[in-house]
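The values are calculated or read from the model by the stated rules, or taken from the named source; none is laboratory data. These numbers come from a predicted model, not from an experiment. Here Cβ is always computed from backbone atoms with ideal geometry, including for glycine, and neighbour counts include all displayed protein chains.
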Amino acid sequence: MPLIINLIDKYIIHLFFLHLFFGLLASEYSIFATLWGWLLIPLGATLILKYKNRHNIAGIFTSYLTGLEIILRMTDARVFWEFGKYGCIVFLFLGLLSESIKQHRISGFMVVYILSLLPSILVLETENFNYWRQAISFNLSGPFSLLFCFLYFRNRVFNDLDLLRIFKSILLPLISMSMICIIRAPALEDIVFGSEANELMSGGYGPNQVSSALGLVVTVIAISKILGYVIFKKDIFDYTILGICSIQAYLTLARGGVITAVLAIFTAWLISVNKSNSRTFRAGKFVYVVLILISLWYVAGDFTRGKMEQRYLSILNVDKSGMLSGSGRILIMSIDLKIFMDNLLLGVGPGAATQLRQSYGYNKVVTAHSEFTRSLAEHGVFGLLSIFALLAVVIKEYSKRRVQEKCLLACFGAIAILTMLHSAMRLTMPGFIFGLAFLRLRTIK
């Protein structure tokens, strides 16, 4: 058995504390984060090929890189922007290439999804090749990484240990990220909460992306309790990580990651209670999760002197024009719809809407915050077709699964789709989680 598997299975607590230390080093030394990222690629590729992807090594390294990606960005590591997406594609391609694939993993809906995003390339300006290349890379690397994750995980049979290894692999670097946020947080007397997301509490990096990552930690631990798993040997470790990451997510005042996590957890819970007499639903452990999330919500509310509650309620505010005024995302999404109506067939091309939104009424150049309205604006009716294909594959696959698999598909599908709705595909995370949702789970008796 590969050493990496033994470490994950037997020494997870040691790895937990090691990643706290990694967080400290990455926060202080950008070169450490750079080496961390670059060394992971040859290490993962070598082990995948050496062991012919036995024990799902490609999935483990992809999971780890998905969690590491945000650290590389927030520490200014010297890697290119889409490093995480391309790295995941490399791992999964090597994994598929080195094993004997017996299951049919492709789906007609996913073929439609990816092909629908290609015609709009024809309307992009080609005079500046560097701009053309960057526009395609930035806007289509996310969909392509999602496709590879789907191809790799769809109908792949996991047992409990396989799924736990994936959970552990993605949580370890996110624990390092949590440590970075703690280290970089200002002194208590210097913290000021206002009406906007708080970058001071997100390690100096984008609060929305950090909140999404912290929300994923909360969701993974919550779904593990619904399924009856213990990730870090003892429940007390799981609940401690849950508590720390949940209150950090609250204090960023970035609503997207928290709301996504809550909705995903609630969806999984609703499905699990349909068969509450089985191991699918562990009422006692899940109650602890709910109590921790609720109690820390009130703690965070008191700490922010009510600013957190005001921030969440502001999403329902309506301005004089009758539009929701809680976030600039609503305006960006409405502008994307106008661009779509003016460019129905092919859209304006991948990335072209970034500059165009300013002329449509936004006060500056801005990238998309929703993958779905971006698809409409930049890919036209073909973008609409890609959205339908993505939703259709979820609905079709859901009907074929057992209760535990339905919990995973609904929970992870909700995370992926909701994250793409409010944060586009800036991170590899929604694409990875979307693919992971389609695994098959075989319980070890």
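A few remarks follow.
- Some residue of segment 85-105 being of a type in the set (Lys, Arg), at negative phi and in contact with a Phe, Trp or Tyr (Cβ under 9 Å, 6 or more places away or on another chain): yes
Residue-wise test of (1) part of a helix (DSSP H, G or I); (2) surrounded by fewer than 19 Cβ atoms within 10 Å (Cβ to Cβ); (3) over 20 Å from the mean Cα position of the chain (by Cα).
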site	(1), (2), (3)
Leu43	yes, yes, yes
Leu47	yes, no, yes
Ile60	yes, no, no
Thr66	yes, no, no
Arg78	no, yes, yes
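- Residue in segment 358-365 that is touching a helix residue (DSSP H, G or I) at 6+ places or on another chain (Cβ under 7 Å) and closer than 17 Å to Tyr113 by Cβ present: no
- For segment 49-58, filtering for residues that are more than 24 Å from the chain's Cα centre (by Cα) and either under 11 Å from Ser169 (Cβ atoms) or in a helix (DSSP H, G or I) (or both) leaves 3.
- Unique residue being more than 22 Å from Pro173 (Cα to Cα), modelled with pLDDT of 90 or more, assigned to a helix (DSSP H, G or I) and under 23 Å from the mean Cα position of the chain (by Cα) when the list is Thr267, Thr240: Thr267
- Of all residues making up segment 26-41, the number that are of a type outside the set (Phe, Trp, Tyr) and either under 20 Å from Ile57 (Cα atoms) or surrounded by 18 or more Cβ atoms within 10 Å (Cβ to Cβ) (or both): 7
- Segment 392-430, residues that are in a helix (DSSP H, G or I) and under 17 Å from Asn208 (Cβ atoms): Ile415, Ala416, Ile417, Leu418, Thr419, Met420, Leu421, His422, Ser423, Met429, Pro430
- Pairs, first part of a loop (DSSP other than H, G, I, E, B) in segment 181-204, second buried (at least 17 other Cβ atoms within 10 Å of the Cβ) and of a type in the set (Ser, Thr, Tyr), C-beta under 8 Å, six or more apart: Phe193/Thr304; Ala197/Ser211; Ala197/Thr252; Asn198/Thr252; Gly203/Ser27
- Residue check, Leu3 surrounded by fewer than 19 Cβ atoms within 10 Å (Cβ to Cβ), out of contact with any Gly (no Cβ under 8 Å at 6 or more places or on another chain) and either closer than 22 Å to Gly215 by Cβ or modelled with pLDDT of 95 or more (or both): no
- Ser212 modelled with pLDDT of 90 or more, within 20 Å of Met420 (Cα to Cα), of a type in the set (S, T, N, Q) and surrounded by 24 or more Cβ atoms within 10 Å (Cβ to Cβ): yes
- If only residues of segment 351-402 that are of a type in the set (Asp, Glu) and more than 18 Å from Leu151 (Cα to Cα) are counted, the one that is farthest from the chain's Cα centre (by Cα) is Glu378.
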